[in-house]
Each structure stands twice: as structure tokens, then as C-alpha cells.
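Only one structure is covered here, and it is reproduced in the block below.
Bear in mind these aren't lab numbers, they're just calculated from the coordinates by the rules spelled out. Only a predicted model underlies this, so the values are computations on that prediction, with no experimental measurement involved. Positions of Cβ are backbone-derived with ideal geometry, glycine not excepted, and every protein chain shown enters the neighbour counts.
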Amino acid sequence: MNRLVILIFFLLNTSILCAQSSAYSWPADTLVRQNLEQWQDMKFGLLMHWGTYSQWGIVESWSICPEDESWTQRKGPYASDYNTYVKAYENLQTTFNPVKFDPDKWAAKAKEAGFRYVVFTFKHHDGFCMFDTKQTDYKITSAKTPFHTSPKANAALEIVNAFRSKGMKVGAYFSKPDWHCTDYWWPYFPPMDRNVNYDPAKYPQRWQAYKDFTYKQIEEILTGYGKIDILWLDGGWVRPLSTVDRNVEWQRGIVYDQDIDMKRIAEMGRKNQPGLIVVDRSVGTEYENYRTPEQEVPDKPLDYPWETCMTMGNSWSYVPGDTYKGVDVIIRHLVDIVAKGGNYLLNIGPGPDGDFAPEAYDRLKDICEWMKVNGNAIYGTRPVAPYREANICYTRNKDGRVNAIYLAADNETALPATIILSGYHPSPKTSLTLLGSRQKLQWKIINGQTVISIPKSMQKTPPCRYAWAFCFSSGN
């Protein structure tokens with residue numbers, strides 16, 4: 001996608017979440033708070049958008065939504081007629097056969113790269129289920145889908161089991177809207193936008209059927225897939241009308257009350273999964289246990305749990321020849337996010353064959369090397385003032401250590417002779433080391449600034465690339 005298309009996508013997408021007017025509600029459930037605390041320690045998560053759409057190499061789901069034609073134009077032999085296009089899109093089910101699918105490989109590579117949790121798309125807005133639901137035949141385990149004969153046909157189950165076996169928390173991405181379900185997009189009316197295409201107040205029985213359908217699918221996930229730590233709900237336009245903020249552009253198109261009964265869903269979820277974190281994205285109620293700014297890093301720390309979700313490439317789903325972010329960019333985002341108290345959920349879109357692109361594995365390998373050296377400045381940390389100054393970001397370990405992380409400029413491979421910190425002033429007995437080295441470094445206060453001196457030998461051979469973490473330990 002070019003930059004204009006990407007910009008339009010972000011502006012229209014339901015998940016531009018930073019501009020929320022509602023106050024954050026801390027969960028009353030003690031187990032949920034404990035789970036949130038553990039989640040905040042993990043810092044780095046893997047998100048995966050994967051479905052039948054990967055076969056066409058197009059952005060997930062959105063091309064079948066009339067509202068979003070401006071940035072995701074239909075292409076190919078079916079593009080000229082909407083109904084023909086949707087039929088062909090849904091017929092992708094009959095050719096989906098990701099024979100290279102190996103979730104153990106993904107989990108191993110993710111673990112090595114330092115990811116501590118995973119969020120997988122059980123179902124996106126198009127309604128195709130990557131799990132073995134009993135509520136629809138539009139699913140990966142259907143006899144209509146060639147992959148159903150594989151012993152790994154229930155992809156979601158295989159993925160959560162593989163990642164859980166590596167000690168990671170598991171999150172289930174689930175779309176509240178379902179554009180395939182006739183109780184959401186009723187064939188009696190044409191779909192006009194991403195919202196339900198009938199008035200639920202006028203047709204309450206149909207809306208209740210959709211609520212029950214959604215509830216049952218989520219119940220299947222929370223009772224049949226082992227320990228689920230996070231229920232990550234997307235499609236924030238499915239919400240009570242009373243929560244709509246007309247000051248937010250994408251919410252102005254919500255004209256119907258689409259109350260999905262989150263209270264009922266959350267109570268069922270926590271009965272089956274005690275301590276379950278519920279992320280009802282963008283709705284701003286008690287069922288949004290953490291918030292998820294998308295494709296951006298807030299300018300300053302936020303006073304509630306949050307997670308930036310961001311693509312490794314340009315697209316959430318697999319696109320042939322996608323441009324992947326450099327590892328330097330990924331590391332800078334990670335450090336900046338963590339310094340401001342957030343988590344970083346980095347997305348990779350598997351291809352139609354069931355594997356990541358080679359570029360994704362290359363990035364994971366380089367991230368692994370950086371994390372081996374600097375993980376102690378990332379995991380289990382919390383923000384500490386001044387958070388960031390110029391190219392220096394700060395994190396605080398729970399034992400009181402403070403890390404000043406120097407973000408290297410493009411092509412900067414050697415440490416400077418001196419590093420000056422304006423906003424952090426250690427106590428006199430504080431010792432200083434560079435993570436990846438046992439050598440103690442010299443520092444002193446000059447004109448109210450902390451000046452770190454770097455030996456020449458260390459300048460030329462830093463322990464890693466992209467960013468260097470200096471650890472201040474008091475009383476040593």
C-alpha cells in the first residue's frame with residue numbers, strides 16, 4: 001500500500017483508539033488485576049492476522065465492506081460486481097490448504113525472539129473461523145475446506161497449544177461483527193457500511209439470534225482451547241449506542257444500538273477462565289481492561305494499561321512483496337513503548353501456505369540477538385521520569401534499577417565517547433554498567449547533567465546493535 005492508502009486505512013479503521021473521551025475503569029476483579037500486572041511485565045507480544053484472504057494477498061476482510069472501498073478497492077476478475085466478488089471471496093474457503101502450517105516452528109521462533117504472549121485471529125470481520133466452531137460451516141475445519149483433512153486442521157487450537165507449551169500467555173482475537181452471518185448482514189437488505197444492516201430495535205429477534213451466535217462462539221473458545229488469558233475483541237462499532245462518541249470520526253456512522261451484551265459475555269468468560277482479561281476495543285467501558293492504540297506510539301505515558309498493536313510489514317495480513325520494518329525501527333518502537341509503560345503487540349501475517357515470509361524470520365532472528373543482551377531493561381519494568389529525552393529512553397526495574405537506553409541513529413554502530421542525561425540524576429553511590437558487559441562505567445554530575453564516559457575499547461565493540469542499555473544500580 002502507498003502512504004496515502006495507509007493513512008486512509010488508519011483514519012478509517014475502527015481501532016484508532018487514542019482519542020477516547022471515556023475514563024478508564026479499573027477492573028474490580030482481583031484475579032483480573034493480577035493477570036493484568038503479569039501481562040504488563042511481559043511487554044512484547046505477537047499478533048497474527050491469518051485467514052483465507054491470504055490466498056489473494058489482500059488486506060483482511062475489508063474489501064467486502066462497501067464503506068471501505070476508498071482504500072481497499074476490489075481487484076481481479078470479480079471486481080466489477082459486488083455480489084460476484086463476495087461470492088468469490090467466500091469461495092476461497094474451498095481452496096484454503098496451508099500445507100506448511102507448523103505452529104511449533106512459529107512458537108519456537110517467537111520464544112527465541114523474546115515474545116512473551118500471542119494473540120491469534122480466531123475470527124476476523126469476514127466471519128471465516130480459524131477454529132472448529134459448531135455455529136457455522138464457514139470454518140477451516142469444514143469439509144468444504146481442503147485443509148480439514150490435516151491433523152492440524154483446527155489451526156487456532158494448534159497455535160494456542162504450541163505457544164502455551166513455550167510458557168506464553170495466550171490471547172484470542174475475535175471480531176464482534178460477522179459479515180458472513182445472516183443475523184448481522186441480513187440478506188433482506190444490502191450492506192451499506194461495516195455496521196449491522198438492519199435496525200436491531202425493529203427486528204429484536206434477529207438481533208437476539210446474533211447475540212446468541214456471538215456468545216456461543218466465544219463460549220466455545222473459552223471452554224475448548226485450554227487456558228485463555230486475553231479475550232481480544234475487535235469491531236468497536238458493535239457497541240451500545242450510548243457509548244458512541246460523535247467527536248470521533250469513525251463512530252459517527254453508528255446509527256443503531258448494537259449492544260452485544262458484554263456483561264453476559266464477560267461473566268461467562270470469567271466463570272470459565274478466572275482472571276480473564278477482556279479487551280473490548282475502543283468502547284471505553286469496564287470491559288476494556290487495557291487499551292490498544294493502533295499503528296502509533298502515544299506521545300507520553302498513559303495512566304492505564306495499554307498496548308500498541310503494529311504491523312511488522314505494511315499490512316496486517318499477508319501481501320506478496322510486503323515491505324517489512326527494519327529491526328532498528330522495531331527496536332526503537334519497543335523501547336519507546338516500554339519506556340512509556342505500554343506493551344508492544346507486533347503483527348506478522350502468515351502466507352497462504354501456512355508459513356511466515358523469509359523477511360519475518362530474518363527480523364525475528366535479529367530481535368532475538370538484541371533481546372539476549374537487553375531483555376533485563378525491557379521485561380518486568382515500569383515507567384520512570386523523564387521517560388524519554390531526545391534519543392534516551394528510561395525504564396525502571398522493580399528492584400529499583402534504572403535503565404537509560406540509548407537509541408542509535410541510522411547507521412550508528414559505535415558508542416559515543418560520552419552520553420549526557422539531562423533528566424536523570426543518580427544518587428552518589430550508584431554504580432553503572434552497560435548491559436552485555438561486566439565492566440563498570442564512570443559517571444559524574446557536571447552542571448546538573450549526568451555525564452557517562454565510555455572507554456574506547458567499548459566504543460568500538462558494543463554488545464549489540466540498534467540500542468544500548470545503561471543500568472544504574474543504587475548502593476552497589
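Distance between the modelled labels on V99 and S474, one decimal in nanometres: 6.2 nm (7 Å Cα→Cβ projection). Spatial offset of the stretch 120-151 relative to the stretch 346-363 amounts to 21 Å, using the alpha carbon center of each.
When the square roots of the Cα gyration tensor eigenvalues are ordered a ≥ b ≥ c, the ratio a/c for the stretch 3-377 is under 1.5, which makes its shape rounded. Residues W250, W50, W179, ranked from the fewest to the most other C-beta atoms within 10 Å, line up as W250, W179, W50. Reported to the nearest whole Å, the Cα centre-to-centre distance from the stretch 30-96 to the stretch 236-302 is 19.
Between E267 and K372, the contour length at 0.36 nm per residue exceeds the Cα-Cα span by 33.8 nm. Among the aspartates and glutamates, select those whose C-alpha is under 14 Å from the C-alpha of K87, and discard any that sit fewer than 8 residues away in the same chain. Straight-distance partners of K87: D126. Over all other residues within a Cβ to Cβ distance under 14 Å of F131, the charged ones net out to -1, with Lys and Arg as +1 and Asp and Glu as -1. When the charge dipole of the chain is built from unit charges on Cβ atoms (+1 for Lys and Arg, -1 for Asp and Glu) and taken about the Cα centre, the candidate among L345, N83, H148 whose Cα reaches farthest toward its positive end is L345.
Farthest toward the positive end of the dipole of the chain, out of N397, I367, N97, is the Cα of N397, where the dipole comes from beta carbon charges about the Cα centre. For n ≥ 4 DSSP H runs only, could you compute -39500 (n - 2.57) per run for the chain, divide by its residues and tell me the 222 nm figure to the nearest 500? Per the formula, -8000 deg cm²/dmol. Can you say what percent of the DSSP beta bridges in the chain, counting only those with both residues inside, are antiparallel? Round to 5. Among the beta bridges of the chain, antiparallel pairing accounts for roughly 50 percent. Computed from point charges on the beta carbon alone (+1 for Lys and Arg, -1 for Asp and Glu), the dipole magnitude for the chain about its Cα centre is near 1760 Debye.
Summing Cβ point charges (Lys, Arg +1; Asp, Glu -1) relative to the Cα centre of the stretch 204-339 gives a dipole of roughly 320 debye. Around H180, with a cut-off of 11 angstrom between Cβ atoms, what is the net charge of the other residues, counting Lys and Arg +1 and Asp and Glu -1? Summing Lys and Arg as +1 and Asp and Glu as -1 gives -3.
Label-to-label distance for R438 and A28 is 5.4 nm, based on points extended 7 Å past Cα in the beta-carbon direction. The S427 and D41 beta-carbon pair, evaluated with R₀ = 30 Å, returns a calculated FRET efficiency of approximately 0.70.
Using the structure shown, list the pairs from K109/K166; K75/K139; K372/K444; K43/K100 with a Cα-Cα distance above 18 Å, or answer none. Present the calculation step by step, with values, prior to reporting the outcome.
Details: K109/K166 10 Å; K75/K139 24 Å; K372/K444 29 Å; K43/K100 29 Å.
K75/K139; K372/K444; K43/K100, as the Cα separations exceed 18 Å there.
Ranked by the mean number of other Cβ atoms within 10 Å of their residues, highest first, the peptides 71-80, 212-221, 144-153 come out as 212-221, 144-153, 71-80.
The gain in end-to-end length when the A409 to I446 segment is fully stretched comes to 10.8 nm, 0.36 nm per residue minus the alpha carbon separation.
Charge tally around T311: other residues with Cβ under 10 Å, Lys/Arg +1 each, Asp/Glu -1 each, net -1. Straight-line cross-link partners of K105 among the aspartates and glutamates, defined as a Cα under 20 Å from its Cα and at least 8 positions apart when in the same chain: E158, D353, D355, E359, D362, D366, E369.
The distance between label points at I420 and N391 comes to 1.5 nm (points 7 Å beyond Cα on the Cα→Cβ vector).
Amide H to amide H distances under 5 Å link N343 with W306, E307, T308, where only residues 5 or more positions off or on other chains count and H is placed in the peptide plane. From the Kirkwood radius over Cα pairs of the stretch 106-260, Stokes-Einstein at 4 °C and 1.567 mPa s returns a whole-number translational diffusion coefficient of 77 µm²/s.
Multiplying the residue separation of S165 and E67 by 0.36 nm and subtracting their alpha-carbon distance yields 31.2 nm.
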